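Participant: Pasting a structure below so you can have a look.
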């Protein structure tokens with residue numbers, strides 16, 4: 001049997017290229033001319049200071065990453081430690097910061113493209129903006145359809161760039177002139193040494209890539225060792241590269257004359273000789289090679305930033321900070337297309353409005369990330385001081401708590417050296433994010449931070465003002481009893497399995513179990529008469545529900561039991577779910593033929609939507625150690641992922657994800673599973689990519705597992721009746737227990753009949 005899995009063996013070198021590849025573009029190819037024009041030759045010190053600030057923050061990111069290697073990004077650390085209000089600031093800060101950074105990278109791409117090709121001016125768009133808009137549209141389109149560079153391609157690009165820059169540094173060294181560096185007007189600091197920190201504020205966007213390494217920590221070999229080395233090492237290497245190459249550029253081209261559009265290409269024309277022996281045109285070729293390198297670097301950075309933004313939205317949607325509408329999966333490309341389009345729209349807007357002010361784009365990206373870095377340092381202190389049990393880093397910052405305090409102070413302090421527009425932007429952003437939290441997210445999210453729990457556990461020791469402040473910003477959704485998981489029990493042989501699923505979900509989500517026994521009464525007997533003569537019914541129902549309550553005790557969750565008399569069978573489950581405000585219904589399959597692989601009957605499907613999430617189990621017993629989740633994206637697959645995550649966290653099962661790809665399309669399937677697993681909190685799952693007939697492949701692979709969780713079809717009723725249903729056939733043919741998951745979705749009558757997608 002052929003099996004393909006994603007090996008979790010990302011090496012140290014590959015991890016470092018992720019950070020170096022994201023950082024190297026802006027610092028060398030775009031900013032030297034702009035920064036030198038603002039500060040003079042002393043801007044080299046600005047790059048070094050920026051590297052030192054990044055290094056302090058990198059230490060904290062390394063500790064957080066080794067403590068939680070299965071979580072991605074600063075948003076998770078901040079939301080977990082400081083709570084959802086600060087999580088809103090961090091998540092939206094990362095998102096908007098990436099949009100500004102992507103626009104900045106696209107402008108850099110446009111600068112070199114305009115030099116390389118020559119573009120016209122259209123309306124209010126200059127050639128650089130036109131090239132940037134073209135690049136932005138292409139990068140958004142690439143992410144929309146799901147194509148992205150692989151780690152191997154990224155490594156090749158980084159080594160190509162380093163080779164190109166090494167050749168440039170050698171040529172620059174041979175052509176270096178200190179008199180050119182110092183200049184004749186004002187020496188090394190024509191604007192004074194006070195220009196160093198404003199220069200650092202401008203170039204700090206060059207150091208935004210190292211934190212991205214932490215998002216792939218779960219794929220790292222020996223993350224406790226390799227993650228800190230990769231993060232800290234990439235910052236150190238890039239800082240040295242910046243210092244050397246910017247010095248070389250300013251020693252070849254006088255700083256007032258250094259191009260603000262294509263500085264590396266300009267410096268290459270001067271640094272490289274016109275001919276080497278009989279070979280002529282060397283300088284022109286070198287400039288062309290530098291231009292190609294710049295296009296590769298800025299394209300790689302822009303593409304990576306757009307890709308990362310979708311992952312942040314997935315995390316925020318999962319925690320209910322933003323609506324999951326953003327995270328809808330495209331039916332064909334299996335990408336979060338709405339999130340990508342919204343981010344792409346922001347990038348296009350920023351290019352069009354701010355494309356002539358590249359300094360504003362650079363500083364806007366920096367200021368939002370600096371706020372996030374400051375909060376990450378604060379979050380690290382909270383994790384340490386609260387002595388959080390699950391916080392167990394393999395790497396710890398030196399000189400705690402000085403290092404994280406210094407990181408927070410330096411990050412926020414650098415914001416003070418931004419121009420007024422960026423400072424106003426940062427203040428406005430924080431206000432908008434906090435307002436968003438109180439207006440939208442506060443009554444939806446149920447995630448309390450470690451800080452809030454720490455304060456509540458020490459109410460008597462802390463000042464009343466501190467406790468009151470924690471209560472004032474706490475999510476209102478966190479104080480309720482959580483979701484209701486309704487179990488429709490009817491058969492003693494399946495009761496234990498159904499309660500196991502319901503109990504795991506309730507435990508994971510902090511909810512309760514409602515065990516219902518629906519007793520079907522013949523139409524000839526009135527419900528009143530049945531209720532008056534229900535002694536026999538009560539005995540069987542009481543015994544069944546008593547067993548359910550006993551099984552639920554293993555999960556230590558609240559349970560309520562209820563017997564319902566009805567003339568109907570499965571239809572009453574829908575009414576009971578609505579009446580009891582159930583969030584999820586767990587029921588047995590029992591051979592009942594649903595409408596082509598969905599929970600509703602044929603008529604019900606045409607007349608109304610599901611009242612809540614449904615989980616239908618085909619199997620009498622569960623002896624769980626591993627589960628399989630086949631997925632190609634979609635709302636019901638999201639539900640499958642949530643169930644698998646709950647079973648992993650509460651029962652300890654191993655989770656495997658399966659994607660059935662067309663022959664030759666295995667790589668894109670692997671990329672989809674990687675993104676899907678990260679977006680659904682299953683970064684530790686085994687990833688399997690198989691080829692062949694979907695139904696047969698699921699049946700073959702599913703035999704290896706204790707449970708297969710299958711998302712319901714989205715095809716229309718008539719379409720499924722004629723062509724069959726994957727979910728239905730899988731339930732019927734697989735010996736392994738199958739759990740059919742279905743999430744309600746609003747569909748028109750046409751979609752119900754013929755399928756809308």
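Where a number appears in this text, it was derived from the coordinates with a stated rule and is not lab data. In this text, all values refer to a predicted model and were calculated from it rather than measured experimentally. In this analysis, Cβ positions are derived from the backbone assuming ideal geometry, glycine residues included, and neighbour counts consider all displayed protein chains.
Participant: Kindly identify region 383-478 as rounded, prolate or oblate by the Cα gyration tensor criterion: order the square roots of the eigenvalues as a ≥ b ≥ c, call it rounded if a/c is under 1.5, otherwise compare a/b with b/c, prolate if a/b is larger, else oblate. Please list the in-between numbers first.
Facilitator: Numbers: a/c = 1.91, a/b = 1.09, b/c = 1.75.
Here region 383-478 falls in the oblate category.
Participant: So how do 381-393, 348-360, 397-409 stack up, highest first, on mean other-Cβ count within 10 Å? Could you put the intermediate results ahead of the total?
Facilitator: Numbers: 381-393: 15.5, 348-360: 19.4, 397-409: 17.2.
Result, highest mean Cβ count within 10 Å first: 348-360, 397-409, 381-393.
Participant: Please work out whether region 10-438 counts as rounded, prolate or oblate from its C-alpha gyration tensor, where a ≥ b ≥ c are the square roots of the eigenvalues and a/c under 1.5 means rounded, while otherwise a/b larger than b/c means prolate and anything else oblate? Walk me through the numbers on the way to the answer.
Facilitator: Details: a/c = 1.61, a/b = 1.40, b/c = 1.15.
Cα axes put region 10-438 in the prolate bin.
Participant: Most exposed first by the Cβ proxy, i.e. fewest other Cβ within 10 Å, how do 444, 507, 363 rank? Walk me through the intermediate numbers first.
Facilitator: Values: 444 15, 507 21, 363 29.
Going from sparsest to densest Cβ surroundings: 444, 507, 363.
Participant: So, one more: What order do you get for 336-342, 706-712 when each peptide is scored by the mean count of other beta carbon atoms within 10 Å, highest first?
Facilitator: Details: 336-342: 21.6, 706-712: 26.1.
Ranking, from highest mean packing down: 706-712, 336-342.
Participant: Quick one: if the Förster radius is 56 Å, what FRET efficiency do residue 667 and residue 464 give, using the C-beta to C-beta distance and rounding to 0.05?
Facilitator: Working: r = 59 Å, r/R0 = 1.05.
FRET efficiency, residue 667 to residue 464: 0.45.
Participant: Distance between Cα centroids, region 624-650 to region 402-435: provide it in whole Å.
Facilitator: If we compute the Cα centre of each part, the gap is 39 Å.
Participant: Ordered by packing density, taken as the mean number of other Cβ atoms within 10 Å over each peptide's residues, highest first, how do 452-458, 84-90, 255-261, 653-659 rank?
Facilitator: On the way: 452-458: 15.9, 84-90: 28.1, 255-261: 17.7, 653-659: 22.0.
Highest-to-lowest ranking by the protection proxy: 84-90, 653-659, 255-261, 452-458.
Participant: Same structure, new question: Find how many whole Å separate the alpha carbon centroid of region 243-297 from the alpha carbon centroid of region 32-84.
Facilitator: Result: 29 Å between the Cα centres.
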